Amino acid sequence: MTTCDQLSSKDSNSTTITVFSLNCWGIFLLSKDRVPRMQAIAAHLVEKKYDFVCLQEVWVEDDFQLIKEETQNILPYSQYFYSGFVGSGVCIFSRWPIKEVLFHQWQLNGYFHKVMHADFFGGKGIAFIQCVIKGIKINIYSVHLHAEYSTHSDEYLCHRIIQAFDLSQFIRITSQNADLAILAGDLNSQPSQLSYQLILTNSNMCDASEQANESELGTFNHTRNSYRNLKYQVDQKIDHILYKICSPHKVQFLSYAQPLSDLVSNESFSHSDHEAITATFRLSQPSGDFSDSFVEEENKLQHEYLEEAIMICESALRKLNKDKAWYYGAVTVIFIALLLVYQTELPFTYIKFFNSLLFISAVFIIFFGFMALFWTTMESNGIKSGYHCMKIAASRTEKKHLS
């Protein structure tokens with residue numbers, strides 16, 4: 001029996017739960033119509049009464065407090081995950097008491113000097129809670145992987161792959177004592193891309209949209225979305241709900257949907273630049289002859305995806321070594337140039353120019369020196385950490401594949 005099997009038996013004592021996920025596009029000053037959109041999102045949550053709500057890009061804590069206050073009677077339990085400089089942007093609301101909570105921050109989160117991308121300042125990672133419903137343990141994971149800013153030259157590919165693998169390992173390990181594991185969030189990766197496949201196969205999860213035969217539904221830059229950007233590919237499916245049934249005769253997957261209307265009621269704009277998604281499950285009490293034995297089926301493509309990810313890491317490490325050499329070279333050239341200018345007798349009228357040049361050169365020397373000595377080393381260590389874990393996972397899957 002695999003983790004994707006749907007159980008046909010019904011139980012009068014069963015409980016149905018629905019998970020809701022949405023990237024809320026809540027960037028302070030930059031996101032259009034942020035406050036009325038957050039109010040509309042809160043109103044929808046009150047109306048539909050979901051069991052678990054996973055939100056991403058709630059970058060303003062006041063927005064979290066607004067939603068929390070509005071949904072207090074429906075979703076009395078919640079967790080806002082603080083991280084980085086501006087926070088992870090991730091929060092989880094629950095109808096059920098939260099028994100366990102944890103946030104695991106990723107080592108690689110983009111670049112601090114790429115200010116307009118800003119992923120680094122969010123300190124992204126894995127938000128995790130565990131709830132127990134009628135004796136059934138449910139793990140909820142919510143994440144927001146690093147964005148892909150260019151399809152032609154994706155400088156964050158290795159970072160996102162490391163994040164994806166780390167996420168899959170985290171789920172693989174922490175779900176061993178759960179009955180149901182659900183991952184909901186913005187993976188910034190479409191089903192055809194390696195990051196998505198790593199998560200799916202290495203954690204042995206299923207895609208709710210595929211199980212419901214709704215795999216064609218896009219979630220970002222949708223044609224009906226008021227915030228769509230015609231410069232980018234439309235209907236990108238980058239938001240996902242993945243799940244893993246860890247014990248048979250307890251959990252049944254029921255449905256997947258996009259629940260939000262095209263526009264906010266009585267307004268000319270959508271709830272977000274992403275589409276919301278939901279997945280519904282039925283929880284049943286185990287029968288008297290229930291056995292804890294449950295064997296997961298290994299995905300045959302898992303080893304190939306891991307090998308591809310390892311090659312990307314190796315390529316990124318080689319590039320980092322070249323970058324480090326370039327930074328050291330730039331520092332050396334600027335320093336030698338300053339020495340030559342300093343030893344040259346300059347007319348008095350050039351002194352002010354020389355002082356300005358000295359200041360600018362000092363800034364470049366400090367920046368390039370920092371990048372060479374500290375940043376490339378930290379990034380290299382982050383890649384190596386994931387790389388060596390991938391090697392172990394690849395060795396494990398290779399043995400299973402050969403056997």
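Give me the compactness ratio for the chain, meaning the Cα radius of gyration over 2.2 N^0.38 Å.
Working: Rg = 24.4 Å, N = 403, 2.2 N^0.38 = 21.5 Å.
Against the compact-globule rule of thumb, the ratio is 1.14.
Identify the GluC sites (Glu not before Pro) of region 211-273 meeting these criteria: DSSP loop state and at most 13 other C-beta atoms within 10 Å of the C-beta. Present the calculation step by step, with values, prior to reporting the outcome.
Details: sites: Glu214, Glu216, Glu267; in loops: Glu214, Glu216, Glu267.
Filter output for region 211-273: Glu216, Glu267.
Would you report the distance distribution of C-alpha pairs in region 327-395 as whole percents per 5 angstrom bin, up to the bin with the largest distance?
3, 15, 17, 14, 11, 9, 8, 6, 5, 4, 3, 2, 1, 0
Give a quick list of chymotrypsin sites (Phe, Trp or Tyr not before Pro) in region 115-165 that DSSP marks as loop, anything other than H, G, I, E or B, with at most 15 other Cβ atoms within 10 Å. Mind dumping the intermediate values first?
Working: sites: Phe120, Phe121, Phe128, Tyr141, Tyr149, Tyr156, Phe165; in loops: Tyr149, Tyr156.
Here the chymotrypsin sites (Phe, Trp or Tyr not before Pro) that fit, given the DSSP loop and packing criteria, are Tyr149.
Beyond 20 Å between alpha-carbons counts as too far, so tell me which of Lys319/Lys384; Lys324/Lys384; Lys48/Lys99 fall in that bin.
On the way: Lys319/Lys384 13 Å; Lys324/Lys384 16 Å; Lys48/Lys99 24 Å.
From Lys319/Lys384; Lys324/Lys384; Lys48/Lys99, over 20 Å: Lys48/Lys99.
Exposed loop sites here are trypsin sites (Lys or Arg not before Pro) in DSSP loop states with at most 10 other C-beta atoms within 10 Å. What is the longest stretch of the chain lacking them?
On the way: sites that count: Lys10, Lys231.
So the longest stretch without any such site is 11-230.
Give the long-range amide H neighbours of Val251: residues separated by 5 or more places, or on another chain, with amide H under 5 Å away, using H modelled in the peptide plane at 1.01 Å from N.
Ser284
When the chain is fully extended, how far beyond the present Cα-Cα distance does Thr16 get from Leu301, taking 0.36 nm per residue of separation?
Difference between extended and current length: 99.3 nm.
Within the chain, which complete DSSP H helices have Cα atoms spanning at least 24 Å along the helix axis and a mean Kyte-Doolittle hydropathy of -0.5 or higher?
Result, helices passing both filters: 157-174, 302-342, 351-370.
Using only DSSP helix segments of four residues or longer, with each worth -39500 (n - 2.57), what per-residue ellipticity at 222 nm results for the chain after dividing by its residue count and rounding to 500? Display every interim value, and only then the final one.
Values: 9 runs with 148 residues, N = 403.
Per the formula, -12000 deg cm²/dmol.
Where a number appears in this text, it was derived from the coordinates with a stated rule and is not lab data. Predicted model, so just to flag it, every value in this text is computed and none were measured. Every residue, glycine among them, receives a Cβ derived from its backbone with ideal geometry; neighbour counts consider all protein chains shown.
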